[in-house]
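Heads up, the thing below is written out as structure tokens.
The values are calculated or read from the model by the stated rules, or taken from the named source; none is laboratory data. Nothing here was measured: the structure is a model prediction, and the numbers come from that model. Using ideal geometry, Cβ is built from the backbone for each residue, glycine included, and neighbour counts are taken over all protein chains shown.
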Amino acid sequence: MKRFVCFSAVVLYVMTMYSFPCNAADKIKIGLSLSDIEIERWPIEEAIMRRLANEHGAELISQVANHDTSLQNAQIANMVDQGADVVIIIAEDGATAAVAVAKAAEEGIPCISYDRLIKSDKLAAYISFDNIEVGRIQARAIVDRVNRGNFVLLGGSPTDNNAVLLRKGQMEIIQPLIDQDKIRIVADHWVNNWAQAKAAAIMQDILNSQDNRIDAVIASNDSTALGALQAMKTAGLAGKVPLSGQDATAAGCKAIVEGELTMTVFKDVRRLSPIAIDLAIKLARKEKLEGLRQVPLAELTVDSTMQGSVPCRFLKVVKIDKDNLYEEIILNGFQQYDDLYRDIPANRRPPRP
Ligand code: GAL
């Protein structure tokens, strides 16, 4: 009898373990490794991912590398050690992070490259936007305003593959005009960490060396554009010289409303974050991933020497300028009315939604 009770208890225990996989030990643990939280979008996306993970009964553990590439790799390894079932990575450096991805893969832990490509065919998935198209949209919007003269190029962080893709898209549009001697590139810089302060200093140097004679600035995102704008304001060029951005940040959109930034690109990160969490949960459960297509790394990096391929998904992007900002950004709730129009006189504001 004693033996039977004991046996039944064991059976019951085993059954409980398998039928209720939601106790603390079995809870899915998703690691999130962020390059930084200085750029407006990253903390927003972290919050969305945390909420969604919680809604799915999973736990999100996150760490921020503050632009330190070796720290980011150590943090990823640390999350694997802490028992993460899967790691989502916003890489500071797409080459260095490949080492962390390979190590995690060796331990059977899949990694998702989020928005920025990690140059590794050990990735479980890469999800982003159409970054070459972002570059085309930026350059087209500027060339629509001015298609000759002295152009300045402000690229993003050189360790971020997106910066390279944006530049590729921008050049597709402006190279023909350069070849026709219409456009002259008077300055071409990459901005480490996409940092606004660095972009401001770079732009100040450019304006000094060019005697303020510039006709257009193709900046690769809102932070670099707003840095450039600081220097352009001092030179009296704000609102006169076309300037591009990306991300539809609050400050970027406000600058469009005020006529100082020509355009930005809206990438609806509220759609990207749920895809990451959905993939992460499927990977943790060892389920099949859907909606991804295999893309060669050579294509993703624009580097023919790269081997292998990665399962990818890319989302669409939208050009934003003063004509569609209200509909696309305010009415759809991406930015708040008051943040954008607070300095605009009441009689010149659109209706409050
Ligand atoms: C890029 C990203 C942009 C921008 C930038 C700075 O990788 O695609 O949206 O945020 O990083 O963090």
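Which condition from (1) in contact (Cβ under 8 Å) with a residue 60 or more places away in the chain; (2) under 23 Å from Val164 (Cβ atoms) is the one that Ile44 breaks?
For Ile44, the failing item is (2).
Can you name every residue in region 177-186 that is within 15 Å of Val146 (Cβ to Cβ) and either part of a helix (DSSP H, G or I) or of a type in the set (Lys, Arg) (or both)?
Within region 177-186, Leu177, Ile178, Lys182, Arg184 meet the criteria.
Filter region 120-174 down to the residues that are in contact with a Cys (Cβ under 8 Å, 6 or more places away or on another chain) and not in a loop (DSSP other than H, G, I, E, B), then identify the one that is farthest from the ligand (Cβ to nearest atom).
Filtering region 120-174 for residues that are in contact with a Cys (Cβ under 8 Å, 6 or more places away or on another chain) and not in a loop (DSSP other than H, G, I, E, B), the one farthest from the ligand (Cβ to nearest atom) comes out as Ala125.
Exactly one of (1) within 14 Å of the ligand (Cβ to nearest atom); (2) touching a helix residue (DSSP H, G or I) at 6+ places or on another chain (Cβ under 6 Å); (3) not assigned by TED's automatic domain parsing to the domain that holds Gly308 is unmet by Leu117. Its number?
The failed condition is (3).
Restrict the check to region 49-62 and report whether at least one residue is within 20 Å of Arg313 (Cα to Cα) and among the acidic types (Asp, Glu).
No.
Among the numbered criteria (1) assigned by TED's automatic domain parsing to the domain that holds Val164; (2) within 16 Å of the ligand (Cβ to nearest atom); (3) of a type in the set (Gly, Ala, Ser), which one does Ser273 miss?
The single condition Ser273 does not satisfy is (1).
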